[in-house]
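Participant: My questions will all concern the structure given below.
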Amino acid sequence: MRLEMGHIYIKDIQFASESKIEDGILYVSEEAVKAVALEDEKIKSASFDIARPGESVRITPVKDVIEPRVKVEGRGGIFPGVIAKVDTVGEGKTYALKGMAVVTAGKIVGFQEGIIDMTGPGADYTPFSKTLNLVMVCEPVDDIKQHDYEKAVRFAGFRVAAYIGELARNLTPDETKVYETCTIKEGMEKYPDLPRVAYVQMLQSQGLLHDTYVYGVDAKKIVPTILNPTEIMDGAIVSGNCVSACDKNPTYVHLNNPVVHDMFEQHGKTINFVCQIITNENVYLADKMRSSDWTAKICKMLDLDGVIVSQEGFGNPDTDLIMNCKKIEAEGVKTVIITDEYAGRDGKSQSLADADAAADAVVTGGNANQVIILPKLDKVIGTLDYVTKIAGASEETLRADGSLEVELQVLTGATNETGFNKLSAR
Amino acid sequence: MGQKNYIVITNNPLVSEKLHETHGVVYKEASYEELLTEVRDRIHEGHTLLTHPLSGSVKPNETPYKSVLISSGKGEIDERSLSIIENAIQACRKFEDKTGRYSARVLKDFQLIDWTLLESGLASADAW
């Protein structure tokens, strides 16, 4: 399968009377994007704002971050089963607007979190301080149920991103990258001497604000399966979760998953990147047994030599992570796991809620309990109303000078477990 | 696994309200950690853990509520259940208790989230 990714670099976003992209500048008609958001009758109002890197702006509570894309050639469309019709994606030609994001914000529950600071120490930790952000804050109709509000904001984000992506359909990309995968047999013939390696991605699948969707299917209802790694670049996996924002994958991360991109970089050189295997993180222990059994079974059937396993979240998924690792290793397939840590504010507590000797190769995204002081910023997009209630916040959260004392947990993407963060020991 | 084959242990009034007429529910006015300890005691009696005690991204002691499914039947002590619950109790102590300072509305949201996490476990339990 061959996918050509055309990158169009966006240098600025401005509101204008007509939506268009010209000379790298995205002009957005506020009226038009509002209309797109309000297509859902459950949304009462939607307001839009622009946040640029370096500005004294705090966005909170963030729900999702999405990179606008458009499918220009090949089967299907962006976000299959969600926005586009169900069709297998991942081949042909897709354009992505680089350097920008659509950020959705909205207070679905009273303790919600998710902060993006565009400047200051917080900006060093969230990758989305580096993107030009078109921020949408949605207010629901009165007396809406949280489930309906979550779904309405989730879909509104995708609709707006698809609308923006569509503006790039007839442009010429600034840069093109080609991703090509082999069938199983082709790969074995082409790279007989390279180790066969796959990526096992664990998806959040626990309940409201803890869900992920694959081609529109709630991931808690899937059994582990195989994806062609280019499928994610067309939006095969989307986020429905945002609680404890540091180690959740916004849709932007699924589209740009660095594990997939790095493995492609090594494909045909040091490894034969066989496929992506997706599995879930349900709360029911028998589901965990079934999913980890199947993941290990698939690894064995594909005659893999090694896998990289990425986790999403903490606690409940620690058990899935260790079950996957242990069972895959027991099949004779080597594993490297990617996680993050809740090691306490002093970093001295045990990092994970589960462990096994088989997990002897671990990459960490950092300690989510680490305390950080976020200075007062000039402008807030969204609301700080509940900031003292957010994960990792404490009684002293809002200090006299207006600064916030919080744990890294609250910063969107700060300890991301696919490596899509700015913390590094390199 | 039908409704008679499991018990819900909870400190969440919403869960108790929704399930007490149709399900086996043990409702305790207890802290998050006390609730986990209650579950551990029952595992020592031979019950098996059916849902993960650290379900949800809202951390222990940030949310005051926790609901856990265990088997209604008893057998030999299940080592895996014991290891998971002991690790969960350890993990719980890493998070400072913030549960005393929420408004009634926020508490209701925490109750709802705990209920949806349990609900996804119930869906799996009832599928047997």
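Participant: Might you check whether a residue that is more than 10 Å from chain A (Cβ to nearest Cβ) and among the basic types (Lys, Arg) occurs anywhere in the range B:34-43?
Facilitator: Taking every residue of the range B:34-43 in turn, at least one turns out to be more than 10 Å from chain A (Cβ to nearest Cβ) and among the basic types (Lys, Arg).
Participant: Answer yes if at least one residue in the range A:70-93 is within 18 Å of A:THR412 (Cα to Cα) and either away from every other protein chain (no Cβ under 14 Å) or touching a residue at least 12 places away in the same chain (Cβ under 8 Å) (or both), and no otherwise. Lay out the reasoning, then the answer.
Facilitator: Kept after step one, since they are within 18 Å of A:THR412 (Cα to Cα), are these residues of the range A:70-93: none.
No, every residue in the range A:70-93 fails to be within 18 Å of A:THR412 (Cα to Cα) and either away from every other protein chain (no Cβ under 14 Å) or touching a residue at least 12 places away in the same chain (Cβ under 8 Å) (or both).
Participant: From the set of residues in the range B:79-118 that are outside any helix (DSSP H, G or I) and buried (at least 19 other Cβ atoms within 10 Å of the Cβ), which is nearest to the other protein chains (Cβ to nearest Cβ)? Give the steps one after another, and end with the answer.
Facilitator: Going residue by residue through the range B:79-118, those that are outside any helix (DSSP H, G or I) are B:93-98, B:102-103.
If we keep only those that are buried (at least 19 other Cβ atoms within 10 Å of the Cβ) too, we end up with B:94-95, B:98, B:102.
Numbers: B:LYS94: 5, B:PHE95: 8, B:LYS98: 7, B:TYR102: 6 Å.
The residue in question is B:LYS94.
Participant: Moving on. Are any of the residues in the range A:320-337 assigned to a helix (DSSP H, G or I), within 22 Å of the chain's Cα centre (by Cα) and of a type in the set (D, E, K, R)?
Facilitator: Within the range A:320-337 (the criterion being assigned to a helix (DSSP H, G or I), within 22 Å of the chain's Cα centre (by Cα) and of a type in the set (D, E, K, R)), the answer is yes, since at least one residue qualifies.
Participant: Where residues in the range A:152-181 are touching a Phe, Trp or Tyr at 6+ places or on another chain (Cβ under 8 Å) and within 25 Å of A:VAL309 (Cβ to Cβ), which of them is modelled with the highest pLDDT?
Facilitator: Among residues in the range A:152-181 that are touching a Phe, Trp or Tyr at 6+ places or on another chain (Cβ under 8 Å) and within 25 Å of A:VAL309 (Cβ to Cβ), the one modelled with the highest pLDDT is A:TYR179.
Participant: Evaluate the following for B:GLU62: is it without any contact (Cβ under 8 Å) to a residue 40 or more places away in the chain, surrounded by fewer than 23 Cβ atoms within 10 Å (Cβ to Cβ), acidic (Asp, Glu) and within 10 Å of another protein chain (Cβ to nearest Cβ)?
Facilitator: On the way: without any contact (Cβ under 8 Å) to a residue 40 or more places away in the chain: yes; surrounded by fewer than 23 Cβ atoms within 10 Å (Cβ to Cβ): no; acidic (Asp, Glu): yes; within 10 Å of another protein chain (Cβ to nearest Cβ): yes.
No, not satisfied.
Participant: Now, a different point. Which residues, counting only those in the range B:2-17, are crowded, with 17+ Cβ neighbours inside 10 Å and in contact (Cβ under 8 Å) with a residue 24 or more places away in the chain?
Facilitator: B:TYR6, B:ILE7, B:VAL8, B:ILE9, B:THR10, B:ASN11, B:ASN12, B:LEU14, B:VAL15
Participant: Only one of B:GLY56, B:GLY75 is assigned to a loop (DSSP other than H, G, I, E, B), at pLDDT 95 or above and of a type in the set (Gly, Ala, Ser); which? Before you say what the answer is, go through the steps one by one.
Facilitator: On the way: B:GLY56 fails: at pLDDT 95 or above.
B:GLY75 is the lone residue from the list that is assigned to a loop (DSSP other than H, G, I, E, B), at pLDDT 95 or above and of a type in the set (Gly, Ala, Ser).
Participant: Might you let me know whether the range A:58-67 holds any residue that is of a type in the set (Lys, Arg) and surrounded by fewer than 20 Cβ atoms within 10 Å (Cβ to Cβ)? If you could, list the steps in order and put the result at the bottom.
Facilitator: Of the range A:58-67, the ones of a type in the set (Lys, Arg) are A:58, A:63.
Next, from what is left, pick out any that are surrounded by fewer than 20 Cβ atoms within 10 Å (Cβ to Cβ): none.
No, the range A:58-67 contains no residue that is of a type in the set (Lys, Arg) and surrounded by fewer than 20 Cβ atoms within 10 Å (Cβ to Cβ).
The values are calculated or read from the model by the stated rules, or taken from the named source; none is laboratory data. Quick caveat: nothing in here was measured; it's all calculated off a predicted structure. Every residue, glycine among them, receives a Cβ derived from its backbone with ideal geometry; neighbour counts consider all protein chains shown.
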